[in-house]
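S.K.: Supplied in structure tokens, the structure appears directly below.
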DNA sequence: AAGTGGTCTAGACCACCAT
DNA sequence: TGGTGGTCTAGACCACTTC
């Protein structure tokens, strides 16, 4: 407690904090470009690796986004997404004044034995059953936000791929198959963007992510969807509500 | 997807993958020590910084934990914690055969104006009201897992600090104040361990965390607790349940 | 005293992108 | 072509832990 303020903070962290303050105070406005790593190094009389470490810290904290090999920019405030709301991501973004978008990466019918046991078990299906695998990239104000990896039983939703999958898939299930998602369990895990997903999103690998596995059932408890979603943790704040009557207590 | 196998993967990532495979295949068992950064560098004919980057990747992925300046060790499988279960962390760990522990970092009575508006608003209190601020470090098998930062209104729970706060606080509220937590909203955000919390946990800074802000009310809807919990994301898999009708088989 | 991770330096080469 | 981030090297010093 004797010394403080800057008690043996490493240099790269002090620099990161300095820049973070400049961002929060508005000196560095949203979408403005940070100095390049070499510029920063020269300005501050430090090595480029140290400047780089500082910027990396800010990227991990979500204050800054790297745009390819062009430079690092001050990021917009995080989007908020309520995982336990009945409203989907699309609707929540729209309500917040953000423009949602979706892009189909792939949509195909595959045999159960090619997608692994975890998924087929989740859908209560066997290796010889067919499932639709739909991969979508969803955006908020053109920023990539989440990759959705969804599986639907083919025998329950024949010809699902003939519909416009850019729209709400749940909407299609309701309207054309008269099946309503009635409940779901979501399993979350903090993880990291691996190279392939990062490439799909057009961002740097190793960003923090929230991986969500979702098991959805219809009103009669039939499994109708297994989804593996990968959300960018640096751009989203997640909200979860617990049940109305909780009996906590150890 | 275009090319294949090892398509321009950076060296440190290839090495990380190699070690990850050795961990998953059991060649490197749980709790075994990895080679030191210098050893690894010499073995593989690379620089120490590259070896370090590889190990850092594994740490971020949760496969490896650093133990101070002693070395890096293969970590145990992640603990699972169901955020929406009525059972608390203590009970869930115990049920999973894990030994839960808790340590009081600090427990004090403070004035509202010293803890910030966010907290006092959450508790529906003013700047001149008093609150108890209790900081606890909780462990699983002696591994630090979460820092709990809890605030309770002093006028509702007089002399709360006289009880043994190592036990379940909710249990104390029920037993001695006849107040039962009836519901809560939790707000989650992926974040990073800053230096001070990391030091408290005895781990490296910059580990991924799940920050949870919890607003708990009694049966009459009176706010009785605001909590800011910081969970280690590299050691826990979080579960959340959503949806009105839950009755999945499993 | 020896070994460890944590930090920092001053270079280097590359692929990519804007111009 | 020149600037950028991404990677990598071969050193260095420090604080801390274990012996």
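Throughout, read-outs are computed from the coordinates displayed, never taken from laboratory work. These numbers were taken from a predicted model, which means no experiment stands behind them. Because the Cβ atoms are built from the backbone with ideal geometry, glycine has one as well, and the counts that use them run over all protein chains shown.
S.K.: Suppose R0 equals 45 Å; then what is the FRET efficiency for residue A:25 and residue B:67 from their Cβ-Cβ distance, rounded to the nearest 0.05?
M.R.: Given R0 = 45 Å and the Cβ-Cβ separation, E is 0.75.
S.K.: Show me, bin by bin at 10 Å from 0, the whole-percent P(r) of the range B:1-120 based on Cα pairs.
M.R.: Reading the bins upward from 0: 11, 27, 24, 20, 14, 4, 0.
S.K.: Report the residues of the range B:105-141 in range of a label on residue B:196: point 7 Å along Cα→C-beta, backbone N strictly under 19 Å from it.
M.R.: B:105-120, B:131-138
S.K.: Would you mind calculating the gained length between residue B:117 and residue B:167 on full extension (0.36 nm times residue separation, minus the Cα-Cα distance), in nm to one decimal?
M.R.: 15.1 nm
S.K.: Computed from the mean reciprocal separation of all distinct C-alpha pairs, what Kirkwood hydrodynamic radius does the range B:11-74 have, in Å?
M.R.: Evaluated over the range B:11-74, this radius sits at 11.4 Å.
S.K.: Just want the ordering: B:148, B:108, from fewest to most Cβ atoms lying within 10 Å of their own Cβ.
M.R.: Sorted ascending by nearby Cβ count, the order is B:108, B:148.
S.K.: Continuing with the same structure: Arrange the following residues from fewest to most other Cβ atoms within 10 Å of their Cβ: B:80, B:67.
M.R.: B:67, B:80
S.K.: Taking 25 °C and 0.890 mPa s as the conditions, I'd like the Stokes-Einstein D for the range B:122-162 in µm²/s, using the Kirkwood hydrodynamic radius from alpha carbon pairs.
M.R.: 207
S.K.: Defining a contact as two alpha carbons under 8 Å apart and six or more residues distant in sequence, what relative contact order in percent does the range B:32-152 show?
M.R.: Relative contact order for the range B:32-152 comes out at 17 percent.
S.K.: Looking at the protein assembly as shown, what % of its DSSP beta bridges pair antiparallel, to the nearest 5?
M.R.: 95
S.K.: What is the P(r) of the protein assembly as shown, as percent of Cα-Cα pairs per 20 Å bin from 0?
M.R.: 20, 54, 26, 1
S.K.: Jot down the radius of gyration and Dmax of the range A:41-80, Cα atoms only, both in angstrom.
M.R.: Just the Cα atoms of the range A:41-80 yield Rg and Dmax of 11.5, 39 Å.
S.K.: Rounded to the nearest 10 degrees, what's the angle between the helix A:11-24 long axis and the longest principal axis of chain A, both from Cα atoms, 0 to 90?
M.R.: 70
S.K.: How large are Rg and Dmax for chain A when calculated on the C-alpha trace, in angstrom?
M.R.: 21.9, 71
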